[in-house]
There are 2 protein chains.
Amino acid sequence: MLAEIITIGDEILIGQIVDTNSAWMARELNKIGIRVKQISSVSDDKNHILKALAEAAGRAKIIFITGGLGPTKDDITKKTLAEYFGVELVENEEALENVTRIFAKYNRPLLEVNRQQAFVPANCVVVPNKNGTAPGMWFDHEDVIYVSMPGVPFEMMYMMEEEVIPKIVATLKLPSIVHKTLLTVGEGESFLAERIADIEDSLPPYIKLAYLPKLGQVRLRLSAFGNDVNSLQNEVDAFAARIIERIGRVFVVDQDIPLEKAIMDKMGDLGLTVSVAESCTGGYISHLFTQHAGASKVFLGGGIVYSYDLKEHILGVKHETLEQFGAVSEQTVKEMIEGALLNFKSDFAIAVTGIAGPDGGTADKPVGTVWIAAAGKGKLLIKKYTFGNKRQQNIERSAVMALSMLNTLLTDVAE
Amino acid sequence: MLAEIITIGDEILIGQIVDTNSAWMARELNKIGIRVKQISSVSDDKNHILKALAEAAGRAKIIFITGGLGPTKDDITKKTLAEYFGVELVENEEALENVTRIFAKYNRPLLEVNRQQAFVPANCVVVPNKNGTAPGMWFDHEDVIYVSMPGVPFEMMYMMEEEVIPKIVATLKLPSIVHKTLLTVGEGESFLAERIADIEDSLPPYIKLAYLPKLGQVRLRLSAFGNDVNSLQNEVDAFAARIIERIGRVFVVDQDIPLEKAIMDKMGDLGLTVSVAESCTGGYISHLFTQHAGASKVFLGGGIVYSYDLKEHILGVKHETLEQFGAVSEQTVKEMIEGALLNFKSDFAIAVTGIAGPDGGTADKPVGTVWIAAAGKGKLLIKKYTFGNKRQQNIERSAVMALSMLNTLLTDVAE
């Protein structure tokens, strides 16, 4: 079963917002065996939307539309859908009750623009929106299903999870897709490809292997298409096992989860804790850990030590060390990680100090110079990296390498 | 001048990665007066790519293609472009030198798959890739320009900034677009719309106003289209001034920058510093600050205090306070912020403690309960929020509200 996603709104087309909705929807749809054929972002322009709807209907059986349902004048999705289906907009009682309920809850007067949100094309079935005033809409039209939802991510997500996905599963008979992702860190795409070329060549035509590289990590994704989900799963598992055996220590986990989540899972199973001492990563590593539910089981916290003062106060780095060797030095990162282990009483710690840029570099310590330490259970790794001159990348690469070094220490503990 | 963006690769369509490239490209293109008409994400499938290219060429004069240029078998962009243009793939000397140089730099053997990366369609002009092995490609074909670039964000970005944008500017005569964005925080889209309805109604047809809501913030974006950039700018500035006067204190800054950047700019101008004490936000606020160049001028650092121990050790929160009132309480957040101001010696501080969820809630403190404090220069704001049950949203909303409270204190300082 093929689907398409159409996002409506100039926000994406002028780059004001990144389209995170579509990736999330695609992932959820894959889980139930629906493949997304195309994602199209189009402008708040009636004719453009009409054309995109017609093109998508020529390729797919389900079309998901997000955005353009707000109360303001630039939101034209409903009017355009009514024209596309050749119907009128009518007031919907259920949608009006929802709008009224939300405004009553927040003790706010119901404005005329909000009342307009209860109007929907006459041929739609309203999809309730518990988190906002714009109703979702489900249309069956000439053998194609159209689902229109708000662009606000949490409204759309709740609607998909609670209403739309269950309705799709109940309505359609779907084929199966099985994915399996192997997370690797520390080896490039080409080298991995060369090492497993013969395994890749032996894949049957209904199993695909994709390489998904991202800052020091490569995800290997096996996808199998067919009808018998158990046999697909067995075949994919067997190929995955061959690849894991071949690639050895660069393999982290056979799940499609982020590196820091894989590490926390491993540490949680072993009853271990971690803390951080972050300078140039500035809270990014902490954020990576704490975005995941249950982080508090493993992650105790740490110090974000941008200034000399905080390096001394929070971690006990010696003032003389900072004066003599500088904040970006082997000596400082060593005292940072020792301070973290001592003061935060975690089993493991990681410490990072560097020059994220774009300013602050010198001849002997250019922008992108980063010292990283990982330690715990009597072991200590310290390494100097020289990344590039892009701040965000230096922060992300530093985090990935710090996590990779922690993962190396943990592999030794587990073995 | 209209452009389209086509991203190639199953990664986006199965939701493995979020398409951040297109938003970035759209933003850069807007700056030089190029409007993106449509963004399409299509699969690693020859016929689908051919169809998408033909459709885009029917709507736009420049087509940007990213992805599918890696060394592995699922990367079919080059072969498909060669077929689309009806030409052969030929080895390009410049591209081969680049691949060879990169492999020599890292002391790695040049594999046959990498050598293949130097093959390009015969009708292209190679766009150098200083950060990777896949060359960019520029095609002029039947009055439409096609630019194919790698999907790896930093390779694409560098190529756009250093090569493609300068070449476009040098080649084409472009009309003007003027954008102005007003950042507001703390008032909903509908209420803002109602308050400025008459100003919106008085806009000429070549100036559009868009509302871009995001977690407690609304951006108001004025966009003017035409030829005389100075007169467009004057008109947009005049409308912006009317809106700013009307909306009053919910206005933060008349630039399209993030809330935390606006706050840091304001604090930098006033010579003020800030530190943080983060529990449930877990480093996210620190990361927001430190992702921006020059953050160290204003942001000193802080404590990520997930555990009781770290709240006590780093911030000096009293053990009895935690035992008696719990970590998520007015008393604890007050001691956290007092500890931050005292220990980190910043002019201002923000402190956040709450239950991000999805677990950890109780009857009287459900998931989404968050205490936030902002303080400095003798003033202290403490507020309890009750958000929802989605972890990531609770983290983001807490951060926005903490920044909003800090902004309120700063507005008083500045006046």
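Somewhere in region A:56-67, is a residue more than 7 Å from chain B (Cβ to nearest Cβ), open to solvent by 30 Å² or more (accessible area, probe 1.4 Å) and in a strand (DSSP E or B)?
No, because not a single residue in region A:56-67 is more than 7 Å from chain B (Cβ to nearest Cβ), open to solvent by 30 Å² or more (accessible area, probe 1.4 Å) and in a strand (DSSP E or B).
Quick check on A:Glu330: is it surrounded by 16 or more Cβ atoms within 10 Å (Cβ to Cβ), modelled with pLDDT of 95 or more and under 20 Å from A:Gly302 (Cα atoms)?
No; evaluated as a whole, the condition is false for this residue.
Condition first: within 19 Å of A:Pro128 (Cβ to Cβ) and within 14 Å of chain B (Cβ to nearest Cβ). Can you find one or more residues in region A:28-43 that meet it?
The answer is yes, given that some residue of region A:28-43 is within 19 Å of A:Pro128 (Cβ to Cβ) and within 14 Å of chain B (Cβ to nearest Cβ).
Quick check on region B:184-195: of everything there that is free of Cβ contacts under 8 Å to residues at least 40 places away in the same chain and either touching an Asp or Glu at 6+ places or on another chain (Cβ under 8 Å) or not acidic (Asp, Glu) (or both), which residue is surrounded by the most Cβ atoms within 10 Å (Cβ to Cβ)?
Out of the qualifying residues, it is B:Ser190.
Looking only at region B:267-277, decide whether some residue is assigned to a helix (DSSP H, G or I) and either open to solvent by less than 40 Å² (accessible area, probe 1.4 Å) or touching a Pro at 6+ places or on another chain (Cβ under 9 Å) (or both).
Scanning region B:267-277, I find at least one residue that is assigned to a helix (DSSP H, G or I) and either open to solvent by less than 40 Å² (accessible area, probe 1.4 Å) or touching a Pro at 6+ places or on another chain (Cβ under 9 Å) (or both), so the answer is yes.
Can you tell me which of (1) at the interface with chain A (Cβ under 7 Å from one of its Cβ atoms); (2) part of a loop (DSSP other than H, G, I, E, B); (3) touching a Lys or Arg at 6+ places or on another chain (Cβ under 9 Å) is the one B:Gly282 doesn't meet?
(3)
Among the residues of region B:146-159, how many are open to solvent by less than 10 Å² (accessible area, probe 1.4 Å) and in contact (Cβ under 8 Å) with a residue 60 or more places away in the chain?
Residues meeting the conditions: 6.
Mind listing whichever residues of region A:299-326 are assigned to a loop (DSSP other than H, G, I, E, B) and either farther than 14 Å from A:Leu341 by Cα or open to solvent by 80 Å² or more (accessible area, probe 1.4 Å) (or both)?
A:Tyr306, A:Ser307, A:Lys318, A:Gly326
Filter region B:103-128 for residues that are closer than 26 Å to B:Phe64 by Cβ and within 14 Å of chain A (Cβ to nearest Cβ) and give the result.
Result: B:Val113, B:Asn114, B:Gln116, B:Gln117, B:Ala118.
In region B:48-55, is there at least one residue being open to solvent by less than 10 Å² (accessible area, probe 1.4 Å) and over 30 Å from A:Leu182 (Cα atoms)?
Checked region B:48-55: at least one residue is open to solvent by less than 10 Å² (accessible area, probe 1.4 Å) and over 30 Å from A:Leu182 (Cα atoms).
Can you tell me which residue in region A:5-22 is least open to solvent (accessible area, probe 1.4 Å), limited to those that are of a type in the set (S, T, N, Q) and within 7 Å of chain B (Cβ to nearest Cβ)?
A:Gln16
Please count how many residues of region B:161-188 are among the hydrophobic types (A, V, I, L, M, F, W, C), farther than 30 Å from B:Met401 by Cα, touching a Gly at 6+ places or on another chain (Cβ under 9 Å) and not in a loop (DSSP other than H, G, I, E, B).
3
Kindly provide the set of residues from region A:285-298 that are in contact with an Asp or Glu (Cβ under 7 Å, 6 or more places away or on another chain) and in a helix (DSSP H, G or I), ordered by number.
Passing the criteria: A:Ile285, A:Ser286, A:Leu288, A:Phe289.
This table checks each residue for (1) β-branched (Val, Ile, Thr); (2) surrounded by 18 or more Cβ atoms within 10 Å (Cβ to Cβ); (3) more than 14 Å from every other protein chain (Cβ to nearest Cβ).
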position	(1), (2), (3)
B:Leu182	no, yes, no
B:Ala197	no, no, no
B:Asp201	no, no, no
B:Pro205	no, no, no
B:Val218	yes, yes, no
B:Phe225	no, no, no
B:Ala241	no, no, yes
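Kindly provide the set of residues from region A:167-179 that are out of contact with any strand residue (DSSP E or B) (no Cβ under 9 Å at 6 or more places or on another chain) and open to solvent by 60 Å² or more (accessible area, probe 1.4 Å), ordered by number.
A:Val169, A:Ala170, A:Lys173
Just to be sure I understand, how many residues within region B:99-126 are open to solvent by less than 70 Å² (accessible area, probe 1.4 Å) and under 25 Å from B:Ile63 (Cα atoms)?
Number satisfying all stated conditions: 9.
Taking A:Phe191 and the conditions (1) facing chain B (nearest Cβ under 9 Å); (2) outside any strand (DSSP E or B); (3) more than 18 Å from B:Asp75 (Cβ to Cβ), which numbered condition does it fall short on, given that it satisfies the others?
Just one mismatch for A:Phe191, condition (3).
The values are calculated or read from the model by the stated rules, or taken from the named source; none is laboratory data. Note that the structure is predicted; figures quoted are calculated from it, not measured. No Cβ is skipped: glycine too gets one built from the backbone with ideal geometry, and neighbour counts run over all protein chains shown. Side chains included, ligands, DNA and RNA excluded: accessible areas come from the protein's heavy atoms. Shrake-Rupley method; radii C 1.70, N 1.55, O 1.52, S 1.80 Å.
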